[in-house]
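Here's the structure, in structure tokens; my notes come after.
The values are calculated or read from the model by the stated rules, or taken from the named source; none is laboratory data. This structure is a prediction, so every number in the text was calculated from the model and none was measured. So basically every Cβ, Gly included, is an ideal-geometry build from the backbone, and we count neighbours across all protein chains shown.
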Amino acid sequence: MRILFITDPLETFKTYKDSTFAMMTEAAARGHELFFCLQSQLSLSANVVEAMVRPLELTDDAQAWYRLGDAALMPLSAFDAVLMRKDPPFDMEYVTSTWLLELAEAQGARVFNKPRAIRDHSEKLAIGQHPQFITPTLVTRDAGRIREFHAEHKDIIVKPLDGMGGMGVFRVGADAMNLGAIVETLGDNGARTLMVQRYIPAIKDGDKRILLIGGKPVPYSLARIPQGTEIRGNLAAGGVGRAQELSARDREIAETLAPGLWKQGLLLVGLDVIGDYLTEVNVTSPTCFQEIAQQTGFNVAGMFIDALEQAVAADRR
């Protein structure tokens, strides 16, 4: 297969933990041809969605880990698979990319995850489709309602809907210390909608990342455990990852959500689960492949490329 990866700049990759790098390595080992471009290199010209792409070759050098061939303008339909692996923020440029990628699909491109599914899917609000799995939750701009929610639950988490990597996540305890200031700042004095949830004490055991690939759960999660006085388990916020087998509740959540998400065209999904509660459904650029593989020996990237090959083969039929 000829696989185009749309990513952040390659020089920014931390290859020892990057999931996209793991995908590339597995795909190259199977003899697939790799190509690379940036989100900014997508374009529409003469009614054709194209990109300025470069052939990508992996090396055995941990520092200079890639070589790029000459750039060429190519239609996205020329590739067997296009993988959208650009990290958030999910801003208007990202939305514009999903529009272009959706046009490319109409021209024969196979894009994963499906651009419409990415665009229509709020990673935080998606949990509202599965109320049986979530902690008490309020989504609002209304500071008064947030105060009422706090008065009822005493210990809460406040976060923006567009954050990533734990950015902008605050815990407010029973004393309500700084609740007003937090809500005013995060909510831009009522201009931005916030998510408020009852605090889940099980965060001390980790914020579990459960991967769904091709409609099936990876049998291990990565519990991202907060360190010191931190409440956030995100690896980007200093959390430490511990791979572990899925619990019965983890599997119940994963197996309930997986078929519907796969039907929408979401080849790869990252569920976030704290204790027994679903907290996010990540579809833009889910990670944790390498941490799980290194600690358990389970080849997550292999499962992903298997699913990709099967999806492309099914589409060709």
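The criterion of being small (Gly, Ala, Ser), out of contact with any helix residue (DSSP H, G or I) (no Cβ under 6 Å at 6 or more places or on another chain), assigned to a helix (DSSP H, G or I) and not assigned by TED's automatic domain parsing to the domain that holds Leu308 holds for Ala28. Based on what the data block shows, is Thr140 among the hydroxyl-bearing types (Ser, Thr, Tyr) and closer than 30 Å to Asp315 by Cα? In short, no.
Name the single residue, out of those in the range 3-18 being of a type in the set (Ser, Thr, Tyr) and farther than 21 Å from Ala109 by Cβ, that is surrounded by the most Cβ atoms within 10 Å (Cβ to Cβ).
Step by step, filter the range 3-18, then rank; the result is Thr15.
When we screen Val172, Val158, Val111 for residues that are surrounded by 15 or more Cβ atoms within 10 Å (Cβ to Cβ), more than 28 Å from Gly239 (Cβ to Cβ) and free of Cβ contacts under 8 Å to residues at least 60 places away in the same chain, the only hit is Val111.
Just give me the residues in the range 9-24 being over 22 Å from Arg209 (Cα atoms) and under 20 Å from the mean Cα position of the chain (by Cα), in sequence order. Of everything in the range 9-24, those that are over 22 Å from Arg209 (Cα atoms) and under 20 Å from the mean Cα position of the chain (by Cα) turn out to be Pro9, Leu10, Thr12.
Yes/no matrix, rows are residues, columns are (1) under 20 Å from Phe21 (Cα atoms); (2) modelled with pLDDT under 95; (3) crowded, with 18+ Cβ neighbours inside 10 Å:
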position	(1), (2), (3)
Ser43	no, no, no
Asn47	no, no, no
Glu50	no, no, yes
Val53	yes, no, yes
Asp61	yes, yes, no
Leu68	yes, no, no
Ser77	no, no, no
Leu83	yes, no, yes
Pro88	yes, yes, no
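With respect to the stated conditions, Lys204 is within 20 Å of Asp155 (Cα to Cα), surrounded by fewer than 22 Cβ atoms within 10 Å (Cβ to Cβ) and out of contact with any strand residue (DSSP E or B) (no Cβ under 7 Å at 6 or more places or on another chain). Can you tell me which residue within the range 25-54, out of those that are in contact with a Phe, Trp or Tyr (Cβ under 6 Å, 6 or more places away or on another chain) and of a type outside the set (Lys, Arg), is farthest from Asp87 (Cα to Cα)? Checking each candidate, the answer is Val53.
If you filter the range 238-261 down to residues that are of a type in the set (Gly, Ala, Ser), in contact (Cβ under 8 Å) with a residue 40 or more places away in the chain and touching a helix residue (DSSP H, G or I) at 6+ places or on another chain (Cβ under 9 Å), you find that the one that is nearest to Lys17 (Cα to Cα) is Gly241.
A single entry from Thr20, Thr15 fulfils the requirement of being among the hydroxyl-bearing types (Ser, Thr, Tyr) and over 27 Å from Leu103 (Cα atoms): Thr15.
Among strands (runs of 3 or more DSSP E) entirely within the range 198-317, having at least 1 residues that are more than 20 Å from the chain's Cα centre (by Cα) and more than 18 Å from Gly165 (Cβ to Cβ) singles out 240-245.
Just to be sure before I move on: is Met167 out of contact with any helix residue (DSSP H, G or I) (no Cβ under 7 Å at 6 or more places or on another chain), within 18 Å of Leu125 (Cα to Cα) and part of a loop (DSSP other than H, G, I, E, B) in the structure I sent? For Met167, the condition - out of contact with any helix residue (DSSP H, G or I) (no Cβ under 7 Å at 6 or more places or on another chain), within 18 Å of Leu125 (Cα to Cα) and part of a loop (DSSP other than H, G, I, E, B) - is met. Taken residue by residue, the range 280-292 has no member that is surrounded by fewer than 20 Cβ atoms within 10 Å (Cβ to Cβ), among the aromatic types (Phe, Trp, Tyr) and in the same structural domain as Leu211 (by TED's automatic domain parsing). Being closer than 22 Å to Leu125 by Cβ and either more than 21 Å from the chain's Cα centre (by Cα) or at pLDDT below 95 (or both) is true of Asp188.
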